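Taking it in order: structure first as structure tokens, then the write-up.
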Amino acid sequence: MAGEQLQVLNALDVAKTQWYHFTAIIIAGMGFFTDAYDLFCISLVTKLLGRIYYHVDGMEKPGSLPPNVSAAVNGVAFCGTLAGQLFFGWLGDKLGRKKVYGMTLMLMVICSVASGLSFGHTPKSIMATLCFFRFWLGFGIGGDYPLSATIMSEYANKKTRGAFIAAVFAMQGFGILAGGIFAIILSSSFNAMFEAPSYEVDALRSTVPQADYVWRIILMVGALPAALTYYWRMKMPETARYTALVAKNAKRAASDMSKVLQMDIEAEPQKIEQIKEQKSGFGLFTKEFAKRHGLHLLGTTSTWFLLDIAFYSQNLFQKDIFSAIGWIPSAKSMNAIDEVYRIARAQTLIALCSTVPGYWFTVAFIDKMGRFAIQLMGFFFMTVFMFALAIPYDHWTHKDNRIGFVIMYSLTFFFANFGPNATTFVVPAEIFPARLRSTCHGISAASGKLGAIVGAFGFLYLAQNQDKAKADAGYPAGIGVKNSLIVLGVVNALGFLFTFLVPESKGKSLEEMSGENEDNEPQGEAEPPSSSGRRTAPVA
């Protein structure tokens with residue numbers, strides 16, 4: 001059976017783009033919309049949490065989260081995501097993609113609501129409850145990464161597979177955008193209803209009691225898009241590649257895909273028997289895997305790790321960079337809700353001008369340029385723009401040059417998304433065998449989240465002023481924003497180099513990329529089966 005595919009798999013590879021492809025993108029993509037909303041909305045409200053729960057009378061500056069609390073609130077969801085990626089990635093290969101898909105969504109819905117309902121009598125207990133629910137929220141989000149990517153890759157055709165997987169991931173951009181827009185609307189409404197002076201005019205009255213509802217509502221709204229797509233996720237059939245190649249039920253795979261593709265697909269009894277007789281193939285911790293895919297896994301894990309150090313430190317702490325260059329006024333010149341509005345406005349502008357367009361540029365060009373070229377280009381320009389920001393940093397802090405800084409900063413986001421932030425998600429879903437695809441994607445994604453944790457926790461401390469007196473309350477002196485940007489530039493340059501370990505998968509079938517056609521060769525004589533069994537799937 002070397003080089004010969006089941007008709008159902010060939011039919012998927014050559015199928016014309018049709019309605020079920022777009023349905024799958026929306027169903028899988030809404031999970032990613034929710035993921036991005038939930039992960040990034042916390043950066044909109046951390047300053048507010050500090051004002052509400054850590055106010056100290058007589059202080060010149062508004063209250064802020066202590067370093068350890070801020071690190072926990074910002075980073076705990078990433079810890080949960082990392083654990084979820086590994087666990088659900090493995091479970092997706094053991095139980096099937098569909099069975100696990102619903103679990104992750106329900107976990108996200110429940111924990112989004114619970115995060116907003118965080119309770120306690122003291123600031124410490126409220127933050128502890130919030131961190132607990134955000135960990136489990138992250139755990140559910142983590143499962144969405146390997147499952148959504150794997151499901152989309154196994155449903156898609158060869159010609160447009162990259163664009164379909166990238167489109168699922170591109171929904172992240174809309175999630176970040178939605179978080180910012182919703183926070184702008186909510187904070188504007190509360191500001192209009194509950195007027196308050198700035199902190200420097202009246203420290204106590206600058207944070208109205210109703211501000212406590214603002215952060216809770218922002219966190220809870222993340223449950224809505226996930227809940228709306230649960231029914232449709234449950235109606236999706238299991239992917240044909242899992243059913244045929246892992247569960248070894250090719251008859252069921254042909255039946256499921258006949259309904260989806262709206263065409264007759266023959267069950268091919270001879271090939272079904274051959275599949276049932278085959279051994280399961282090499283596992284993850286074997287010499288054969290290391291020989292065939294070891295460098296590929298090193299490539300996908302290292303590039304995702306390096307990318308997320310840069311990407312998440314930028315995204316989560318862009319409010320600090322905007323404050324440093326004066327784009328957001330000093331905290332004491334605003335009231336609590338106005339500060340949420342200003343931070344949300346800045347995040348929304350960056351998402352609208354660079355993050356969202358970057359994702360969709362990848363969708364448009366990934367099957368033309370290829371994954372390798374886009375990833376290499378993205379890391380290259382991220383490095384260039386990061387150094388262009390860092391080396392003349394003092395120039396950018398002058399009032400007349402701030403718009404230029406924001407444009408350059410936006411371009412680093414644009415090339416992150418029209419580059420490695422999308423391709424690191426796409427490639428692991430294409431180059432590994434079906435029985436290990438979800439697991440290997442989960443490992444690659446977890447490596448990325450490890451980078452996000454390094455970025456999120458490390459940047460908090462690194463970006464602090466070198467003069468301890470000018471650092472945020474409770475923080476030690478750091479290396480400053482300028483040197484932090486230089487570090488991120490070096491990280492991006494390393495990502496460029498490690499990209500050379502990642503193979504190009506443009507225009508190839510999943511079985512061709514993973515070598516499963518060779519694995520399916522029967523033991524003994526490597527003779528092809530007699531002419532009676534061979535058929536080519538018709539083009540839909």
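Inspect all residues belonging to region 388-398 and state whether any of them is of a type in the set (D, E, K, R), more than 19 Å from A463 (Cβ to Cβ) and touching a residue at least 24 places away in the same chain (Cβ under 8 Å).
Looking for residues that are of a type in the set (D, E, K, R), more than 19 Å from A463 (Cβ to Cβ) and touching a residue at least 24 places away in the same chain (Cβ under 8 Å), one finds none in region 388-398, hence no.
Conditions: (1) closer than 30 Å to V427 by Cα; (2) not in a helix (DSSP H, G or I). V100 meets all but one. Number of the miss?
Among (1) closer than 30 Å to V427 by Cα; (2) not in a helix (DSSP H, G or I), the lone unmet condition for V100 is (2).
Starting from region 348-369, keep only residues that are under 23 Å from K508 (Cβ atoms) and in contact (Cβ under 8 Å) with a residue 24 or more places away in the chain, then list their pairs with residues that are open to solvent by 10 Å² or more (accessible area, probe 1.4 Å) and of a type in the set (A, V, I, L, M) whose Cβ atoms are within a distance under 7 Å, requiring at least 6 positions of separation or different chains.
Going by the 7 Å Cβ cut-off, the qualifying pairs are V363/A163; I366/A163; D367/A163.
Does region 237-252 include one or more residues that are under 29 Å from T129 (Cβ atoms), part of a loop (DSSP other than H, G, I, E, B) and among the small types (G, A, S)? Lay out the reasoning, then the answer.
First, pick out the residues of region 237-252 that are under 29 Å from T129 (Cβ atoms): none.
Within region 237-252 (the criterion being under 29 Å from T129 (Cβ atoms), part of a loop (DSSP other than H, G, I, E, B) and among the small types (G, A, S)), the answer is no, since none of the residues qualifies.
Pairs please, first residue from region 202-219 and over 16 Å from S118 (Cα atoms), second anywhere and open to solvent by 40 Å² or more (accessible area, probe 1.4 Å) and among the charged types (D, E, K, R), Cβ atoms under 9 Å, 6+ apart in sequence or on different chains.
Every condition considered, the pairs that remain are A203/D57; A203/K332; L204/D57; S206/E200; S206/K332; V208/E195.
If you go through region 148-190 one residue at a time, how many are surrounded by fewer than 19 Cβ atoms within 10 Å (Cβ to Cβ) and either assigned to a helix (DSSP H, G or I) or of a type in the set (F, W, Y) (or both)?
Residues in region 148-190 being surrounded by fewer than 19 Cβ atoms within 10 Å (Cβ to Cβ) and either assigned to a helix (DSSP H, G or I) or of a type in the set (F, W, Y) (or both): 4 in total.
Among the residues of region 197-232, which ones are buried (at least 21 other Cβ atoms within 10 Å of the Cβ) and not β-branched (V, I, T)?
Scanning region 197-232 gives Y199, A203, S206, A211, W215, L219, G222, A223, P225, A226.
What's the number of the condition F317 fails, among (1) buried (at least 20 other Cβ atoms within 10 Å of the Cβ); (2) at pLDDT 85 or above?
(2)
Those residues that are closer than 17 Å to C41 by Cβ and either aromatic (F, W, Y) or part of a helix (DSSP H, G or I) (or both), I need them from region 56-74; list them, please.
Taking region 56-74 first, the residues closer than 17 Å to C41 by Cβ are 65, 70, 72-74.
Those that are closer than 17 Å to C41 by Cβ and either aromatic (F, W, Y) or part of a helix (DSSP H, G or I) (or both): S70, A72, V73, N74.
If you go through region 59-74 one residue at a time, how many are free of Cβ contacts under 8 Å to residues at least 24 places away in the same chain and open to solvent by 80 Å² or more (accessible area, probe 1.4 Å)?
Qualifying residue count, region 59-74: 1.
Could you grab me the full set of residues in region 362-375 that are in a helix (DSSP H, G or I) and surrounded by fewer than 20 Cβ atoms within 10 Å (Cβ to Cβ)?
A364, F365, D367, K368, M369, F372, A373 - these are the residues of region 362-375 that are in a helix (DSSP H, G or I) and surrounded by fewer than 20 Cβ atoms within 10 Å (Cβ to Cβ).
Which numbered condition trips up L497, out of (1) touching a helix residue (DSSP H, G or I) at 6+ places or on another chain (Cβ under 9 Å); (2) open to solvent by 50 Å² or more (accessible area, probe 1.4 Å); (3) modelled with pLDDT under 95; (4) among the hydrophobic types (A, V, I, L, M, F, W, C)?
Every condition holds for L497 apart from (3).
Restrict the check to region 99-110 and report whether at least one residue is within 24 Å of D212 (Cα to Cα) and open to solvent by 10 Å² or more (accessible area, probe 1.4 Å).
Looking for residues that are within 24 Å of D212 (Cα to Cα) and open to solvent by 10 Å² or more (accessible area, probe 1.4 Å), one finds at least one in region 99-110, hence yes.
Checking G96 against (1) touching a Ser or Thr at 6+ places or on another chain (Cβ under 9 Å); (2) buried (at least 19 other Cβ atoms within 10 Å of the Cβ): exactly one of these is not met. Which one?
That leaves (2) as the condition not met.
So which pairs qualify, if the first residue must be in region 222-233 and touching a residue at least 40 places away in the same chain (Cβ under 8 Å), the second must be among the small types (G, A, S), the Cβ gap must be under 6 Å, and the two must be at least 6 apart or on different chains?
Short answer, once both residue conditions are applied: G222/S112; A223/S112; R233/G102.
So, K470, is that one within 30 Å of V363 (Cα to Cα) and either surrounded by fewer than 17 Cβ atoms within 10 Å (Cβ to Cβ) or touching a Lys or Arg at 6+ places or on another chain (Cβ under 8 Å) (or both) or not? Please lay out each step first, then the result.
On the way: within 30 Å of V363 (Cα to Cα): no; either surrounded by fewer than 17 Cβ atoms within 10 Å (Cβ to Cβ) or touching a Lys or Arg at 6+ places or on another chain (Cβ under 8 Å) (or both): yes.
Judged against the criteria, K470 is not a match.
Restricting attention to region 247-255, does a residue exist that is open to solvent by less than 30 Å² (accessible area, probe 1.4 Å) and modelled with pLDDT of 90 or more?
No, region 247-255 has no match at all.
So that you can scan it fast, the table gives a plain yes or no per residue for (1) at pLDDT below 85; (2) closer than 23 Å to S438 by Cβ:
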site: G3; (1), (2): yes, no
site: Q18; (1), (2): yes, no
site: A28; (1), (2): no, yes
site: H55; (1), (2): no, no
site: F87; (1), (2): no, yes
site: K99; (1), (2): no, yes
site: V109; (1), (2): no, yes
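Of A77, A83, which residue is surrounded by fewer than 22 Cβ atoms within 10 Å (Cβ to Cβ) and part of a helix (DSSP H, G or I)?
Being surrounded by fewer than 22 Cβ atoms within 10 Å (Cβ to Cβ) and part of a helix (DSSP H, G or I) holds for just one of A77, A83, which is A83.
Just checking, which of A240, A331 is touching a Lys or Arg at 6+ places or on another chain (Cβ under 7 Å) and modelled with pLDDT of 80 or more?
Checking each option against the conditions leaves just A331.
Can you give me the number of residues within region 205-236 that are in a helix (DSSP H, G or I), in contact with a Gly (Cβ under 9 Å, 6 or more places away or on another chain) and not charged (D, E, K, R)?
Let us first name the residues in region 205-236 that are in a helix (DSSP H, G or I), namely 211-220, 223-235.
When the remaining residues are screened for being in contact with a Gly (Cβ under 9 Å, 6 or more places away or on another chain), the result is 215-220, 223, 225-226, 229-230, 233-234.
Those still in the list that are not charged (D, E, K, R) too: 215, 217-220, 223, 225-226, 229-230, 234.
Residues flagged as in a helix (DSSP H, G or I), in contact with a Gly (Cβ under 9 Å, 6 or more places away or on another chain) and not charged (D, E, K, R) within region 205-236 amount to 11.
Filter region 116-147 down to residues that are in a helix (DSSP H, G or I) and polar (S, T, N, Q) and give me whichever is surrounded by the fewest Cβ atoms within 10 Å (Cβ to Cβ).
Per the criteria, the residue is S125.
The values are calculated or read from the model by the stated rules, or taken from the named source; none is laboratory data. Only a predicted model underlies this, so the values are computations on that prediction, with no experimental measurement involved. No Cβ is skipped: glycine too gets one built from the backbone with ideal geometry, and neighbour counts run over all protein chains shown. These area figures cover heavy atoms from the full protein model, side chains too; ligands, DNA and RNA do not enter into them. Shrake-Rupley method; radii C 1.70, N 1.55, O 1.52, S 1.80 Å.
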